[in-house]
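**Student:** Dropping the structure in here first, questions after.
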Amino acid sequence: GSLMLSFILGHIICHELCHFLGKDPLFWNTWAQHTLKNALTLQKLNQNTAKNLILFLGDGMGIPTVTAARILKGQLSGQSGEETQLEMDKFPFVALSKTYNTNAQVADSAGTATAYLCGVKANEGTVGVSAAAVRSQCNTTQGNEVTSILRWAKEAGKSVGIVTTTRVNHATPSAAYAHCVDRDWFSDGEMPAEAVQAGCKDIARQLFENIPNIDVIMGGGRKYMFPKNQSDVEYPGDKKHFGTRKDGRNLVEEWTNRMKNKKAQYVWNKRELLSVNPNNVDYILGLFEPGDLPYNLERNTETDPSLTEMVELAIKILRKNPRGFYLLVEGGRIDHGHHEGKAKQALHEAVEMDRAIGRAGLITSIYDTMTVVTADHSHMFNFGGYTPRGNTIFGLAPMLSDVDQKPFTAILYGNGPGFKVINGLRENVSTLDYQGNNYQAQSAVPLRMETHGGEDVAVFAKGPMAHLLHGVHEQNYIPHVMAYAACIGQNRDHCMSSGGASSLSPALPSLAALLTLTRLLC
């Protein structure tokens, strides 16, 4: 009790001191010197082989979202917020990722997922296929499949897992296991009849058929696994949650039957999830909603697990493998909040993902686990307006517009559903609950759904070989680095040499050949 009290008192004193000492140059100089000493220790690079790999993907988590989430995290614990550190802020190496798709300047989540999971840039709307595949054209699938780092890890004997707050067959996770020319082919119920007849497989089916025995699968998307019109276990009377499969298959039942001789468990709510003993379960399928999981702010904490709870159990199951694991974690609804213009939902999703990153850090080690945190793309989201220090992130700018003499919120969108005109003039936000969970921030251009942003996103890395993420990179570089760190996939020569010294020379002749070919073609 006294320890807790002294911690709280220390926290309050530190908070007050920060405000008081911030006026003294000694405060800033001491802080900078402390940071410098820590930076000097990084000269000794971690060149261990990564036994484990974790990729945290904040869908739509652009740099403005990271900054705003940092401020929110601090304000949720009673601080002004700007000086707070997110868990990802503590990672020693940071890079920028260029997110464009092969046919898009501003990317979507499917083409980008193919890049950071399969190592190959692709067309928007396609998952697990190269840019030779054309969106929605079934006959361009065959021969253009590309494999993911999740598959490379599985083939190397590692355990593999997928945890997401969206549907498990949504764009981000699907590139880990599926080869599909259309990200929206969730089940055969969403596919054109001719695509099914031509032999293209829906994404839900590929989840269970392409990579045998993915060890951990957690997220939403139940309805895509069950026959059309079968009622949902949680919402039996609600037709919109009924099964969607036209082929009549029950994929959950098939999985359960196939795994009955293994230590496998299917769960569909938080109570079942938290009753799982990771020591007794090697395979878990957790489908917690018919579609996406609810926003964290709206989550029923009795029935729906948080991202942190799912991640903790996933790691405890996966880490039993002596060869290690690969885990993909998606904070997938940051993106949805932004699309709806609901910044509060999006930022709380980002803070929850950061909490999951912290929990993962506590139960893994930087000596043998490479952790990468990044985003697939950004959004048309920003905050500004000369707000004073500690201004609530969801608050107003301190002045009125000098054009229309009305107040405005710090958070604004470049486009989206928040555009409203009343009697030919911009709506007066002070008459609205602009700090409400579902308030839609004003936007410059009216759109039903706000769009992605095109700027680079951040890549945070820690653990073995994290220093290889160090500058401005193409997004498809990410899985190559992670595979190199873990000695899986195509770069394995350096793993054989003594002392773990890297040797990339075998790749050079093929690079030279590629450059010669490029010159000839251009």
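The values are calculated or read from the model by the stated rules, or taken from the named source; none is laboratory data. Just so it is clear, the structure is predicted and the values come from calculations on it, not from any experiment. Backbone-built Cβ (ideal geometry, glycine too); neighbour counts: all protein chains shown. When the accessible area is computed, the model is the full protein with side chains, heavy atoms only, and any ligands, DNA or RNA have been set aside. Shrake-Rupley method; radii C 1.70, N 1.55, O 1.52, S 1.80 Å.
**Student:** Using label points projected 7 Å from each Cα along Cα→Cβ, tell me how many nm separate residue 142 and residue 427, to one decimal.
**Tutor:** Reported label-point gap for residue 142 and residue 427 is 5.2 nm.
**Student:** Once the other residues with Cβ under 14 Å from the Cβ of residue 483 are scored (Lys, Arg +1; Asp, Glu -1), what is the net sum? Kindly include the intermediate steps, with their values, before the conclusion.
**Tutor:** Numbers: positive: 51, 151, 154, 158, 492; negative: 155, 493.
Result for the local shell: +3.
**Student:** Provide the percentage of antiparallel DSSP beta bridges, counting only those with both residues in the chain; round to the nearest 5. Don't skip to the answer; put the middle values down first.
**Tutor:** Numbers: 20 of 58 bridges.
That works out to approximately 35 percent antiparallel.
**Student:** Counting only heavy atoms of protein chains, what accessible area per residue, in Å², does the chain have with a probe of 1.4 Å?
**Tutor:** Numbers: 23310 Å² over 522 residues.
Normalised by residue count, the accessible surface of the chain is 45 Å².
**Student:** By Kyte-Doolittle mean hydropathy of at least 0.5 and Cα axial length of at least 24 Å, which whole DSSP H helices of the chain are selected? Before the final figure, lay out each step's value.
**Tutor:** Values: long enough: 2-21 (27 Å, 1.50); 343-362 (29 Å, -0.19).
Membrane-span-like by this rule: 2-21.
**Student:** Here's something else I'd like to know. Expressed in nm², what is the orientationally averaged projection area of the convex hull enclosing the Cα positions of the range 391-450?
**Tutor:** Averaging across all directions leaves 4.3 nm² for the Cα convex hull.
**Student:** Under a crude label model (7 Å from the Cα following the beta-carbon direction), how far is residue 235 from residue 63 in nanometres?
**Tutor:** Rounded to a tenth, the inter-label distance reads 3.9 nm.
**Student:** Next question. Net charge near residue 363: determine it from the other residues with C-beta under 11 Å of the C-beta of residue 363, scoring Lys and Arg +1 and Asp and Glu -1.
**Tutor:** Numbers: positive: 316, 319, 359; negative: 312.
In short, +2.
**Student:** With +1 on each Lys and Arg Cβ and -1 on each Asp and Glu Cβ, and nothing else charged, work out how big the dipole of the chain is about its Cα centre, in Debye to the nearest 20.
**Tutor:** My answer is approximately 1100 debye.
**Student:** Which one of 115, 38, 265 has its Cα pushed farthest toward the positive end of the charge dipole of the chain, where Lys and Arg give +1 and Asp and Glu give -1 at the Cβ?
**Tutor:** 265
**Student:** Considering the dipole of the chain built from charges on the beta carbon (Lys and Arg +1, Asp and Glu -1) around the Cα centre, which of 472, 53, 434 is farthest to its positive end?
**Tutor:** Final value for the positive-end residue is 53.
**Student:** Then there is this: List the residues whose amide H sits under 5 Å from the amide H of residue 416, counting only those 5 or more places along or on another chain, with H placed 1.01 Å from N in the peptide plane.
**Tutor:** Those lying under 5 Å, H to H, from residue 416 are 445, 447.
**Student:** Quick check on the chain: helices-only [θ] at 222 nm, where DSSP H runs of length 4 and up contribute -39,500 (n - 2.57) each and the sum goes over total residues. Nearest 500, please. List each step's numbers first, then the result.
**Tutor:** Numbers: 16 runs with 163 residues, N = 522.
Rounded to the nearest 500, the figure is -9000 deg cm²/dmol.
**Student:** Where the centroid of each part is defined by its Cα atoms, how far is the range 164-230 from the range 427-444 in Å?
**Tutor:** Rounded to whole Å, the Cα centres lie 37 Å apart.
**Student:** Shifting gears a bit: Give 154/316; 98/320; 320/462 a once-over and call out the pairs whose C-alpha atoms are over 24 Å from each other. Before the final figure, lay out the partial values.
**Tutor:** On the way: 154/316 17 Å; 98/320 35 Å; 320/462 22 Å.
Pairs exceeding 24 Å: 98/320.
**Student:** Hey, got the dipole for the range 391-450? About the Cα centre, +1 on K and R Cβ, -1 on D and E Cβ, debye to the nearest 20? Please report the intermediate quantities before stating the final value.
**Tutor:** On the way: 4 positive and 5 negative charges, 22 e Å.
Roughly 100 debye, rounded to the nearest 20.
**Student:** Quick query: amide H of residue 129 versus all other amide H atoms, modeled in the peptide plane; which residues come in under 5 Å with a sequence gap of 5 or more or a different chain?
**Tutor:** 146, 180
**Student:** Just how large is the dipole of the range 325-394 about the Cα centre, in debye to the nearest 20, putting +1 at every Lys and Arg Cβ and -1 at every Asp and Glu Cβ?
**Tutor:** Values: 6 positive and 8 negative charges, 66 e Å.
Dipole magnitude for the range 325-394 comes out near 320 debye.
**Student:** How big is the range 187-336 by Rg and Dmax over its Cα atoms, in Å?
**Tutor:** 15.8, 46
**Student:** Something else now. Report Rg/Rh for the chain, rounded to two decimals, where Rg is the Cα radius of gyration and Rh the Kirkwood radius. Each step should come with its number before you reach the end.
**Tutor:** Numbers: Rg = 23.9 Å, Rh = 24.4 Å.
Radius of gyration relative to Kirkwood radius: 0.98.
**Student:** A further question on this structure: Tell me the label-point distance for the pair residue 403, residue 470, using the 7 Å Cα-to-Cβ offset, in nm and rounded to one decimal.
**Tutor:** 4.5 nm
**Student:** Next up: Please give me, ordered by residue number, the trypsin sites (Lys or Arg not before Pro) of the range 27-79 that lie in loop per DSSP and have at most 15 other Cβ atoms within 10 Å. Let's see the in-between values first.
**Tutor:** Values: sites: 37, 44, 51, 70, 73; in loops: 44, 51.
The qualifying sites are 44.
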